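The values are calculated or read from the model by the stated rules, or taken from the named source; none is laboratory data. These numbers come from a predicted model, not from an experiment. As a convention, Cβ positions derive from the backbone with ideal geometry for all residues, glycine included, and neighbour counts pool all protein chains shown.
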Amino acid sequence: MGFQAIGSLGRILLDGAKKVKLFGEEISVSATIYNLTGLSAHADKEGLLKWITSFDKKPDKVFVTHGEDAVCDEFVRSLSELGFLAVAPIYMSRYDLSNGEIVSPGIEIEKKASYIQNNDADSFTYSDLHKAYKRLSEVIHRNKHLDNYDLEKFTKEITALTNNWDK
């Protein structure tokens, strides 16, 4: 019982696999699998937002590390809309916690989904776009110390890109 992440044995069983590998051995699945939704051991999105907005002193940076990529990305968006500087770090990324700055950007890992969330293929495409947004935000932050000429050039490139896609 519990959350079944993409790629986990539990998710593979939920997705209807007829055979699974356990300790290198292929096992036939003869069990009936039930999915009981609505059970959770932690707060939902609204509960977490209520918790973080109740702080007297707002955190300088929020790291979202729990849940599937699309869920983390959505929670980062929600926090950003409330004025928090939030990031969902990727595999092997490193941050200096004394100043919140990224030390190394990490490695994007291609996760093969065994299902399409809500039967909506667009949600995964949008998730990739949001990952690109996060990467751009990190690059902007790392280059804040450039001279004015380079900052202006960088700004013009980003503005041209956004103007091209602002439909």
Check 43, 17, 31 and return the single one that is surrounded by 12 or more Cβ atoms within 10 Å (Cβ to Cβ), small (Gly, Ala, Ser) and out of contact with any Asp or Glu (no Cβ under 8 Å at 6 or more places or on another chain).
17
In the set 90, 116, 107, the lone residue that is aliphatic (A, V, I, L, M), modelled with pLDDT under 80 and under 30 Å from residue 46 (Cβ atoms) is 116
So residue 63, is it in contact (Cβ under 8 Å) with a residue 12 or more places away in the chain, in contact with a helix residue (DSSP H, G or I) (Cβ under 9 Å, 6 or more places away or on another chain) and not β-branched (Val, Ile, Thr)
no
Report yes if some residue within the stretch 63-80 is among the polar types (S, T, N, Q) and assigned to a loop (DSSP other than H, G, I, E, B); otherwise report no.
yes
Just to be sure, is residue 55 surrounded by 11 or more Cβ atoms within 10 Å (Cβ to Cβ) and either modelled with pLDDT of 90 or more or closer than 25 Å to residue 138 by Cβ (or both)?
no
